[in-house]
Structures are given as structure tokens and as C-alpha cells.
1. Would you please list the contacts, defined by Cβ atoms under 7 Å and residues six or more apart or on different chains, that run from a residue in segment 25-45 that is farther than 14 Å from residue 90 by Cβ to a residue that is in a loop (DSSP other than H, G, I, E, B)?
2. For residues in segment 29-48 being surrounded by 10 or more Cβ atoms within 10 Å (Cβ to Cβ) and in a loop (DSSP other than H, G, I, E, B), which is modelled with the lowest pLDDT?
3. Here's a check for you: in segment 50-85, which residue that is over 13 Å from the mean Cα position of the chain (by Cα) and within 17 Å of residue 32 (Cβ to Cβ) is surrounded by the most Cβ atoms within 10 Å (Cβ to Cβ)?
Amino acid sequence: MTDNSSEPEDLPKGLPNNPESQKKNESETVETGIATRYWLELLPYPEGSTRSLWLFVNNDWRHLDNPDPSTQITVQDAFCKCQGRLEVQVWYSEDVIRGLLVRTK
């Protein structure tokens with residue numbers, strides 16, 4: 001029997017197209033969209049609050065708290081250096097970012 005599916009046989013478990021990675025808590029809804037704007041807090045204010053990366057997705061701002069330097073640089077490059085070639089896909093629950101992917105358009 002031939003499998004005509006377009007999915008590779010051995011998808012990493014963290015990829016969104018892998019059925020194993022789609023098993024999640026039924027009470028949490030995760031949505032996805034393409035970020036169209038970004039805002040990076042360099043110093044959190046008020047003092048003591050969490051520094052965040054904010055992305056505008058599906059007509060609202062979503063945040064990723066305490067982003068690591070490589071995430072900051074990659075997202076910034078997608079918006080500033082390669083805006084015509086790269087896009088940032090975001091997975092989120094309410095206003096909290098759960099996953100990010102920078103890819104070619």
C-alpha cells in the first residue's frame with residue numbers, strides 16, 4: 001500500500017503539523033497568525049516588571065516575556081533587514097506567545 005500523504009514520515013515532535021504535537025490541554029486554545037509589527041522592551045518599566053517582546057498578530061498585541069538575545073535578533077532581522085523575504089509566524093493563547101517561527105515568505 002502506498003501512502004500518498006505529503007507529510008514526511010519522521011516529523012520532529014515539536015512541529016505543528018505532527019499529530020503528536022497537537023495533543024494539548026483541551027482548555028487551552030492556541031491560535032496562529034503572522035506578525036505585522038513588533039515592539040521590543042529594552043528596559044522594563046515600571047522597574048521590577050518583566051521585559052517583553054511584543055508582536056502584533058491578528059489585530060492585537062501578543063507578548064513573549066524575557067526573550068533570549070537570539071530570539072530578539074532573529075525577529076528584529078525579519079522585520080528590519082529582510083522584511084520582503086521573511087515573516088514571523090506566531091502561536092499564541094490569548095495575549096501570550098507560545099511559539100515563534102521565522103520563515104521565508
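The values are calculated or read from the model by the stated rules, or taken from the named source; none is laboratory data. The shown structure was predicted, so the numbers you read here are calculated from the model rather than taken from an experiment. Methodologically, a virtual Cβ is constructed for each residue, glycine included, from the backbone with ideal geometry; neighbour enumeration extends over all protein chains shown.
1. 41/51; 44/50; 44/51
2. Restricting attention to segment 29-48, the residues satisfying the condition of being surrounded by 10 or more Cβ atoms within 10 Å (Cβ to Cβ) are 29-41, 44.
Now narrow it down to the ones that are in a loop (DSSP other than H, G, I, E, B): 29-30, 41, 44.
Values: 29: 94, 30: 96, 41: 92, 44: 86.
Across segment 29-48, the extreme among qualifying residues is 44.
3. Taking the candidates together, the pick is 60.
One line per residue, one yes/no per condition, for (1) farther than 16 Å from residue 30 by Cα; (2) in a strand (DSSP E or B); (3) in contact (Cβ under 8 Å) with a residue 60 or more places away in the chain:
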| site | (1), (2), (3) |
| --- | --- |
| 50 | yes, no, no |
| 54 | yes, yes, no |
| 61 | no, yes, no |
| 67 | yes, no, no |
| 92 | no, yes, yes |
| 103 | yes, yes, no |
